[in-house]
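A quick write-up on the structure given underneath.
Each reported figure results from applying straightforward, stated rules to the coordinates on display, with no laboratory input. Not measured: the values here are computed from a predicted model. Cβ coordinates were reconstructed from backbone atoms using ideal geometry, including for glycine residues, and neighbour counts include every protein chain displayed.
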Amino acid sequence: MLRQLARYWWTLALRGALAAIFGVVALIWPDITLRVLVLLFGFYVLVDGLMALAAVLVGGRQADNRLAWLVEGVAGVAAGVCAFLWPGITALVLLYLIAAWAVATGLLEVAAAVILRRELRGEWLLALGGIVSVVFGIYLVIRPEEGAIAVVWVIGLYAILFGVALLALAVRLRQLSRRIGTSPA
């Protein structure tokens, strides 16, 4: 599998560049409407899904994880198509999913801090992080329009960090491909 990844390092570089570009666009225009954000999200996941499907096709029988890439590709294409067909509903659903995730993880972090208070110093930091997550989730539900702008910033920062991580991995895989003598077919 490592040989396969090294051979097609450029696909990770392209995915990373697209993610970073998406993140920069989201940060440059923070007042972007939720509809445009959903369309950008739809475009990103559609392209990302198509690239994952392309990796399955190009990888042939050698790819050890074809099923995982196939599922990732189909999910990305499906999410992209849904975002284009129903942008308003997609935006609200995404916002509420993020809110539910924030509340659930926040409550679990607070519970973990209570459980760990006898065994861990600084557990209050975990509890504080959990409380911030819960407040953020509730804020998204109560004020979805303003919460959407906050989510734009979070998504933008995430996409940049994810893109940079993929680009760094692609550079390492490119170096590896030169050492082991693979080249794209």
Based on DSSP H runs of at least 4 residues, each adding -39500 (n - 2.57), what is the mean residue ellipticity at 222 nm of the chain after dividing by all its residues, to the nearest 500 deg cm²/dmol?
-> -30000 deg cm²/dmol
Fluctuation leader among 160, 115, 149 - the chain, Gaussian network, Cα springs under 10 angstrom = 115
Given C-alpha coordinates of the stretch 100-183, what is the ratio Rg to Rh with the Kirkwood estimate of Rh?
-> 1.24
For the chain, radius of gyration divided by Kirkwood radius, i.e. Rg to Rh on alpha-carbons | 1.06
Value of relative contact order over the chain, rounded to a whole percent, pairs C-alpha under 8 Å and six or more apart | 39
For residue 93 and residue 25, compute 0.36 nm times the residue count separating them, minus their Cα-Cα distance, and round to one decimal in nm.
-> 22.3 nm
Which whole-number percentage describes the relative contact order of the stretch 57-131, with Cα contacts under 8 Å and a sequence gap of 6 or more?
-> 21
Highest mean packing first, using Cβ neighbours within 10 angstrom, the peptides 125-137, 6-18 sort as 6-18, 125-137
